[in-house]
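The values are calculated or read from the model by the stated rules, or taken from the named source; none is laboratory data. These numbers were taken from a predicted model, which means no experiment stands behind them. Here the Cβ positions follow ideal geometry from the backbone for every residue, glycine too, while neighbour counts run over all protein chains shown.
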Amino acid sequence: MSSSLPFIRTPDERFTNLPGYNFAPHYFQVEGLRMHYLDEGPRDGAVVLLLHGEPSWSYLYRKMIPLLVAAGHRVIAPDLIGFGRSDKLLSQHDYSANFHIRTVSALIGALDIHNITLFCQDWGGLIGLRIAADHESRFRGIVAANTMLPGFPLRHPNLAHRFGRTNLLRTSLGFGAWYLFSQINPFWRASQVLQLGTYNKLPADVQTAYDAPYPSRKYMAGAKVFPRLVMTEMTENKRIWKKLLRWNKPFLCAFGTKDPIMSPLVLLFQLLIPGAADQPHQDIDEAGHFLQEDQGEKLAQVINQFIQDNP
């Protein structure tokens, strides 16, 4: 069944010979659209679900997947609808946070995966944390990296004296600058945003790989609308935070220290989520917002150790 909404599909040849990305594609039909995902490692391994954000795609995880598989894990890395090798709705109005949550949840259900360790960064957290909280029985733990979930309880007693207004101001100003850039500049490219959010210089062929899903501007509706969706779904987010305040399963933070927007928020999870207590939270040095690109191998080691320490 095809989607009732207009969409476009990036030609497959755009994804040939991308450096470091030699994984077999898998596809899932959801709401009449084709969602792409990677499925690497043994079928009976502990599942690691890698959720990307804006405007990246599963290419972001190419350095991490081999090390996770070598540790015996099954790795699932979807491309959100509108990103990567997944179909792209043409209208920005057809995207919503709930749409992405529905489609990723449908994939999890179709694969019938359990015992999941979620790794989420950027919008991967806004989507993944909601899915994990609502389907807790499928998840064994969470590793959060340079992400957030709007709607957190500012008046919670754990935040009152340990999380200052300065941190919120820094994040608000940083996000505001990104928001204005994303909405006013009509010509930005995915590779440009990836380079702005990484500590290291991206080689030209890697920049080309991040641009591969978007042969022209009409393919970028999903990426362009994401900044406007951050503060939507606040009622639902507050409902999820009530669940996260009771989340006792292991919860680890691994934040890149060179991210001016998200780094100040790392204490939020550590102070609010019970499962984060006494975990060896990681500061990932020489890593920006897209820390998978800057320090992917180290992140994979962090996830492997987290799973080993929390059987």
Quickly run through segment 117-138 and pick out the residues that are surrounded by 23 or more Cβ atoms within 10 Å (Cβ to Cβ), touching a residue at least 60 places away in the same chain (Cβ under 8 Å) and not small (G, A, S). T117, L118, F119, C120, Q121, D122, W123, L126, I127, L129, R130
Given the options S96, S86, name the one that is in contact (Cβ under 8 Å) with a residue 40 or more places away in the chain and surrounded by fewer than 15 Cβ atoms within 10 Å (Cβ to Cβ). S96
For residues that are among the acidic types (D, E) and over 15 Å from L80 (Cβ atoms), scanning just segment 1-39, find the one that is surrounded by the most Cβ atoms within 10 Å (Cβ to Cβ). D39
In segment 260-311, the residues that are in contact with a helix residue (DSSP H, G or I) (Cβ under 9 Å, 6 or more places away or on another chain) and aromatic (F, W, Y): F269, F290
Please state which one of L252, L271, L265 is surrounded by 19 or more Cβ atoms within 10 Å (Cβ to Cβ) and at pLDDT below 95. L265
Given the criterion of a type in the set (V, I, T), in contact with a His (Cβ under 8 Å, 6 or more places away or on another chain) and over 30 Å from S216 (Cβ atoms), identify the matching residue among V69, V48. V48
